[in-house]
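J.: Right, I'll just put the structure down here and ask away after.
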Amino acid sequence: MEAEHTTALGRTKEREQKLLTQLAGQTAGSSTRPMPKGRDSDAYRTLSAAAQRTARHRDIEYATSFLQQRTWRPDEWVEVFVRQGWMEAIWESKPIWALRMDWARTLFAECTSKYWGTKHGLYLSLTEHMPTRQIRRITQAASREFDSETNVYRKRVLLYIPYRSSDVLHVPSIFPPLAKFLPEIRELTSVHDLTMSASGGIAFQTLERLAIEVAHESDSILKLPLSAFTTPARPMRLSVQLDAARRRTRQFVACVVKNPQLHSQSCFSLRLLALGTRMKDDRAEAEQLLGMNVPFIERLLTQHTICIGGIPVFFKLYFTGDFAGVRAIENCICGCPPEAMHTVPSTEVVATLPALQLTCANCDCKATVAQRTSRAHELVDGEVVPCDCCSFGHDHRTATDEHAAFASKLRSLQEASHTTAGKKVLSSFLSSHKRKHRGTHPGEAGIPLFSAGLSRWIVDLLHVDLNHGKLVWKWALTRRLPADVRAAISEYLKSVGLPLDLRTKEEGRVAADKFYEGGHWHVFCYGGGRAPGGAVLVATLVKIVADHYEELVTMAASEREQAALAGSIAATTAPTAASERPSKRKNKGGAVVYSSASTVSADKDDKRPWREAFEKAKEAAATEAEKHADKVAMSIIRQRYGESSERLIAMLLAFDALFAFRKTMRCRFDSDDMDARKRHALLFAKHHRTFWEQFERVTVGRHKSQYPHAVQLKAVQQMLEVGDLWNYSLGALESYHAEVGRVADRTGCKRQHADVDGDRTRKSEPLKTVGREGPPQVVEMNVSTTMCSSIADRLVAARALNQDSDLAIPMRAQSRIALAPEGGGGRATAAHTASKLGQMAGDPDATCIMEFAKLLA
């Protein structure tokens with residue numbers, strides 16, 4: 001066995017020697033190459049420079065020849081280097097350092113072009129709402145280090161080659177240099193035709209270009225060709241929206257264009273048409289804000305057609321504004337008399353769609369420009385047109401003199417209105433004229449802004465939702481409550497996370513906190529967080545009011561007992577008590593009459609409208625809300641509270657009717673389906689009629705709001721015409737106001753220019769500029785700000801950045817709150833936006849009446 005082992009070992013050594021000979025190139029038929037000498041590093045360093053070069057060249061030639069004999073795998077050599085302990089020396093070698101530097105430069109160049117650089121700088125500058133230089137300082141904080149010796153910031157070194165000190169790679173900055181960035185942002189903002197007014201307070205674009213953009217947007221997103229919108233049967237609808245918003249000390253009026261075809265409630269779907277600062281949303285300011293777009297709007301209202309790429313696209317233009325803004329711009333909501341504001345339609349009217357349409361057609365909201373101008377007693381095309389409401393202008397011989405006399409009287413009243421007495425006389429004159437002329441304002445203010453008049457103003461459901469809730473809150477719950485009860489309600493609302501300031505103006509109420517915004521009002525109705533919401537929350541609040549009524553009854557009974565006891569004592573001690581002595585007062589005719597103190601108190605108590613109304617309510621026919629209410633719950637309330645029960649029941653039923661109407665109003669439907677329009681319009685009218693009837697009962701018909709009348713008659717007509725009114729709501733514009741405010745706070749230009757008249761500056765006036773940019777400053781000059789220009793530039797550029805496929809960066813922060821109902825979106829999390837966009841919480845069958853009865857059990 002030993003002999004065989006020795007023989008096998010000898011063969012193995014022969015094979016190894018043969019293999020080494022082949023690898024050295026010394027096989028038969030091949031050239032003979034010198035073998036490298038086995039010198040270590042110390043021996044290598046003892047050689048001369050020429051010998052080192054020769055040895056290095058020989059070793060490289062040998063290794064190259066050896067590696068070319070077969071195909072090797074890199075991981076095998078890595079394993080060999082690791083075993084030999086050569087990896088650290090190889091990694092720190094000069095060639096590897098050069099490769100590492102090249103790899104880092106390539107990586108940074110790719111990141112700069114794809115993630116950093118100009119693209120990311122545009123995003124930060126236009127969406128993060130900070131000054132450009134501040135963003136640059138923040139983003140470069142990690143890439144710079146402070147040199148205390150030279151007192152300057154220097155670039156922080158990230159990578160360098162030890163063998164070449166000039167080859168250095170610094171920490172990259174995600175914000176580009178200003179020399180490269182500023183030209184890019186100027187180019188992005190300059191491609192839009194933003195025009196400034198002469199005063200610098202208004203920036204606007206052309207509506208024609210925005211209308212063409214809307215048409216192309218519908219073509220690209222909805223895949224609807226432009227040829228589909230060439231007839232009046234299928235128009236390209238366009239909504240111009242106008243609303244004012246106050247941001248701290250600044251008043252902004254934003255006018256935007258919305259594409260109703262998109263069904264979007266995001267503020268990023270809006271296009272800025274005009275932006276004004278220090279303006280109001282009345283007729284004069286609205287006409288000034290629209291500026292050069294007024295002629296094109298008139299042309300679009302009459303001709304409707306815009307040729308886009310050779311295709312005549314048929315446009316139908318609408319306007320949207322809140323009720324206060326529309327009333328300020330048009331000076332009326334409709335031409336119906338004041339009595340119609342309290343005339344609730346019968347149940348037969350809302351039973352069928354034809355009867356409903358016939359009633360809605362009676363609403364005088366389609367008066368022509370000539371009719372409204374004649375009612376304002378103004379000239380129509382330079383001539384006096386007879387008024388259809390009075391005798392003005394009917395006699396052509398005296399028509400001119402009548403117009404001159406009327407204009408002179410109105411002008412004199414306006415000039416004298418600087419005093420308190422003059423204001424009362426002017427107010428009385430205007431009210432009398434409006435009452436006789438279907439709500440039309442006298443003078444130039446009564447002339448419509450556009451030829452379409454009131455028929456193109458869409459009812460905004462977002463403000464209908466908020467203001468209907470405000471009406472019920474004011475008239476049904478908090479009216480005529482003492483301060484301690486209002487304070488108790490306020491404390492409870494604060495405990496559930498829905499604070500309100502229920503103090504009066506005299507008590508120092510904060511006007512912005514007197515009622516909820518859209519999100520908090522939705523939480524009030526459907527719950528969220530600590531708030532139970534809906535019927536449970538309303539029942540708890542009404543219980544606080546009911547406890548107050550019980551205290552009043554107890555106090556009244558105690559006072560009667562004390563008065564009876566005092567009367568019996570006084571009868572035995574004196575012929576006439578002081579409390580029974582007759583008091584002297586004057587009636588309306590000026591005659592002096594005498595009555596005892598108890599008689600006067602009784603007269604005042606009997607003349608209270610609430611007491612009379614709820615006494616009559618017992619005999620009047622039950623409302624629809626009362627017919628469908630829980631009878632057992634109402635009987636429990638009547639047994640417990642007696643005379644006060646009718647007030648409490650009316651409060652609870654008003655909220656029940658409001659919640660039922662709100663649920664119907666916030667339902668979305670397909671605008672292209674005519675059957676869906678009819679069904680929703682009829683259901684909307686039925687629920688709103690129930691709410692309106694109950695609201696008239698709880699307010700005793702003494703409110704002056706035009707909301708219920710306008711919503712009942714105008715909204716139904718518009719649903720049948722355009723479909724879902726949420727597509728035209730101001731929900732996106734309200735979110736846009738927040739965006740405008742953020743831009744104004746962070747990036748608004750604060751430059752101001754002196755108003756110079758020739759060579760002489762006008763009389764200086766103190767002007768305080770307050771904002772986050774620093775403490776208040778007093779500027780002793782009459783100036784006009786250029787803030788509007790910089791804000792409008794950034795808003796338009798931000799939208800272009802968001803729409804550009806190359807520049808857009810999909811970010812979570814771009815999903816803003818959507819106040820109007822839609823399928824998704826939100827600011828941060830599902831929990832935060834569930835109350836606004838999610839499903840309704842709570843029991844849908846619960847009512848305020850039932851929940852209140854449960855509290856009494």
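J.: To the nearest 0.05, how large is the calculated FRET efficiency for Ser427 and Ala404 if R₀ is 22 Å and r is the Cβ-Cβ distance?
T.: The computed FRET efficiency comes out at 0.40.
J.: Say the dipole of segment 314-436 comes from +1 at the beta carbon of Lys and Arg and -1 at that of Asp and Glu; which of Ala328, His396, Ala421 then lies farthest toward its positive end?
T.: So the residue we want is Ala421.
J.: Test of understanding: extend the Cα→C-beta vector of Ile544 to 7 Å, then name every residue of segment 510-531 with backbone N under 19 Å from that spot.
T.: Only 510-517, 520-531 fall inside the zone, counting backbone N under 19 Å.
J.: Express the accessible area of segment 394-524 per residue in Å², computed with a 1.4 Å probe while the remaining protein chains stay in the model.
T.: 51
J.: A follow-up question, please. Between Trp91 and Asp675, what length comes free when the chain is fully extended (0.36 nm per residue of separation minus the Cα-Cα distance, one decimal in nm)?
T.: Separation in residues times 0.36 nm, less the Cα-Cα distance, equals 202.6 nm.
J.: Grab the beta carbon distance between Asp147 and Ile60, set R0 = 60 Å, and tell me the FRET efficiency rounded to 0.05.
T.: The formula returns an efficiency of 0.85 here.
J.: With all protein chains present, how much of the accessible area of segment 348-495 (probe radius 1.4 Å) comes from carbon and sulfur, to the nearest whole percent?
T.: Carbon and sulfur together cover 53 percent of it.
J.: Same structure, new question: Over its Cα atoms, what ratio of radius of gyration to 2.2 N^0.38 Å does segment 88-151 give?
T.: So the Cα radius of gyration is 1.61 times the expected 2.2 N^0.38 Å.
J.: Taking R0 as 51 Å, what FRET efficiency do you get between Val168 and Leu481 from their Cβ-Cβ distance, rounded to the nearest 0.05?
T.: 0.10
J.: Around Ser239, which amide H atoms from residues at least 5 apart in sequence, or from another chain, sit under 5 Å from its own amide H, with H modelled in the peptide plane?
T.: Amide H neighbours of Ser239, under 5 Å, 5+ apart: Lys258, Tyr318.
J.: Let me ask another. How much space per residue, in cubic angstrom, does the convex hull of the C-alpha atoms of segment 306-449 take up?
T.: 194
J.: A further question follows. Collect residues whose amide H, placed 1.01 Å from N in the peptide plane, falls under 5 Å from the amide H of Leu169; neighbours closer than 5 in sequence don't count.
T.: Leu158, Leu159, Tyr160
J.: Further, regarding this structure: Please check which bits of segment 421-435 a label hung off Glu339 would reach, taking the label as a point 7 Å along Cα-to-C-beta and the cut-off as backbone N under 19 Å.
T.: Label zone hits: 432-435.
J.: On to the next question. Which order do the peptides 406-413, 685-692, 438-445, 698-705 take when ranked by the mean count of other beta-carbon atoms within 10 Å per residue, highest first?
T.: Descending packing order for the listed peptides: 685-692, 438-445, 698-705, 406-413.
J.: Name the residues whose placed amide hydrogens come within less than 5 Å of the amide hydrogen of Ile174, ignoring near sequence neighbours (fewer than 5 apart) on the same chain.
T.: When sequence neighbours closer than 5 places are left aside, there are no close amide H contacts.
The values are calculated or read from the model by the stated rules, or taken from the named source; none is laboratory data. Just so it is clear, the structure is predicted and the values come from calculations on it, not from any experiment. Every residue, glycine among them, receives a Cβ derived from its backbone with ideal geometry; neighbour counts consider all protein chains shown. Please note that ligands, DNA and RNA were not included when accessible areas were found on the heavy atoms of the full protein model with its side chains. Shrake-Rupley method; radii C 1.70, N 1.55, O 1.52, S 1.80 Å.
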